[in-house]
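Down below is the structure, laid out as structure tokens.
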Ligand SMILES: Nc1ncnc2c1ncn2[C@@H]1O[C@H](COP(=O)(O)OP(=O)(O)OP(=O)(O)O)[C@@H](O)[C@H]1O
Ligand SMILES: [Mg+2]
């Protein structure tokens, strides 16, 4: 496309933008009382002016110039008033700072092949949650380009983008943003009243605007990654604490000597520190899975949530299998043949839970520093849809999240700060283990 063609397209777009602003402004008259009041005031002013035009503008009807003058006034003023009214509607339909925002987007390189940026057509602020919603006419720029440019847009507009989504029409993009001056707190205290009532939703931590939570009915398993000291065990235990308080049966496999787990964990949960015992426990879980399969088939229930909804007093408990530092468990390097066989069997059982556990209410929460392909087999990793990563290097971030965002966005030396696979940053809660 040469410059001339680009110029013609840009001119057409400018005209289209005026039309869009006019339409938005006109619709705004019926939804925004301030805009309606401005328009009504203008119309009143015009009516009054018209009523008293002869005393405001002196028109001498006596001579021929006076008559011509009168005709000019009668013809020109309505045209001027209509043009001014259209300009007023366009003005009312233009979001505050639209030009500036469009120019800033140009600097991020978010442009189409004609070099045009998206056009901001609506902007509104919700006081209750401090969210500014911006609606753009995407100008042919697809949603994926917005997502890929998220960090650039955030920086140039000094906002955090909470959500980027398609509007009601395919060519509309909506950004929900929060001021860049707002920060996620570095320490947040947990209170039991924060526990979600919903079956079976657990809170990961405090995000920018709200708590980040996971519904295990939809996303059954969670993988937590991060370098040493990033807060994996702390987060894992917080999730288990919530599961326990919501009535789940918790199984913990720990091969770091159990130092991270306070006495009460061993008393109240199934606590395993031996690999042979772990295999037995996993076999029991698989048997339970098969038993639940039969129960759900016989009662024609598609999953544990439906079943528990029907049989309130004979409901099935959720079972959570957690392993802190799963790499320690599944690493076969330097092991004897028998031990390798034992690990393969453990791996196989965990894979079955990863593949089939959701409907039967058996969930995995695994934490690790190095979930490389050799240690965390594809069967397990690919079935864990929800992945979070604390501070990490690019390799670890890539392995856990399939991108380098943990390395890019989680500052070094932070503890308890994580990012989810879909880019939400949160701070894990501080809690008292003694409340278990
Ligand atoms: N959400 C949090 N808020 C504040 N501090 C935290 C948080 N989570 C963890 N920490 C601090 O970080 C320390 C290390 O956390 P944790 O033991 O969970 O790290 P880790 O990633 O499991 O390390 P390792 O890989 O060595 O086991 C904790 O002792 C705690 O002081
Ligand atoms: Mg740990």
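No lab work stands behind these numbers, since they all come straight from the coordinates. Note that the structure is predicted; figures quoted are calculated from it, not measured. Positions of Cβ are generated from backbone atoms using ideal geometry, with glycine treated the same way; all protein chains shown enter the neighbour counts.
Points to keep in mind about this one:
- More than 22 Å apart - percent of Cα-Cα pairs taken over region 10-119: 52 percent
- With all projection directions averaged, the alpha carbon convex hull of region 207-301 covers 8.4 nm².
- In this rough spin-label picture, where each label sits 7 Å from Cα along the Cβ direction, the residue 38-residue 56 distance is 2.0 nm.
- Full extension of the chain between residue 345 and residue 215 yields a length gain of 43.9 nm, computed as 0.36 nm times the residue separation minus the alpha carbon distance.
- Residue exposure sequence - 144, 301 - by fewest surrounding Cβ within 10 Å: 144, 301
- Highest-MSF residue in the chain out of 179, 227, 302 [GNM, Cα springs under 10 Å]: 302
- Projected-area average for region 319-423 over all orientations - Cα convex hull basis, square nanometres: 7.2 nm²
- Rounded, prolate or oblate (a/c below 1.5 giving rounded, otherwise prolate when a/b exceeds b/c) for region 157-266 by Cα gyration tensor: prolate
- Measuring nothing but how far apart in sequence close Cα pairs (under 8 Å, 6+ apart) lie, relative to its length, the chain scores a relative contact order of 15 percent.
- Quotient of Cα Rg and 2.2 N^0.38 Å for region 248-387, N being how many residues it contains: 1.10
- In region 188-435, the DSSP beta bridges split such that about 30 percent are antiparallel, to the nearest 5.
- Ellipsoid semi-axes in whole angstrom, largest first, where each is sqrt(5λ) of the Cα gyration tensor of region 76-145: 28, 19, 9
- For region 296-336 and region 66-89, distance of Cα centres in Å: 77 Å
- In the chain, the calculated helix contribution to ellipticity at 222 nm averages -14500 deg cm²/dmol per residue, counting -39,500 (n - 2.57) for every DSSP H run with n ≥ 4.
- Cα convex hull, the chain: 213 Å³ per residue, rounded to a whole number.
- Working ranking of peptides 389-398, 9-18 by packing, defined as the average number of other Cβ atoms within 10 Å per residue, highest first, is 389-398, 9-18.
- With Cα atoms, 0 to 90° folded angle of helix 3-31 axis to the chain main axis: 90 degrees
- Computed log₁₀ I(q)/I(0) - Debye formula, equal Cα scatterers, no solvent, region 188-435, q 0.09 Å⁻¹: -0.37
- In degrees, nearest ten, helix 64-92 long axis to first principal axis of the chain (Cα): 0 degrees
- Whole-number D in µm² s⁻¹ for region 98-179, Kirkwood Cα-pair radius fed into Stokes-Einstein, 4 °C, 1.567 mPa s: 103 µm²/s
- From the largest down, region 375-432 spans 33, 28, 21 angstrom on the principal axes of its Cα atoms.
- Helix axis angle, 337-360 relative to the chain longest principal axis, alpha carbon, degrees: 40 degrees
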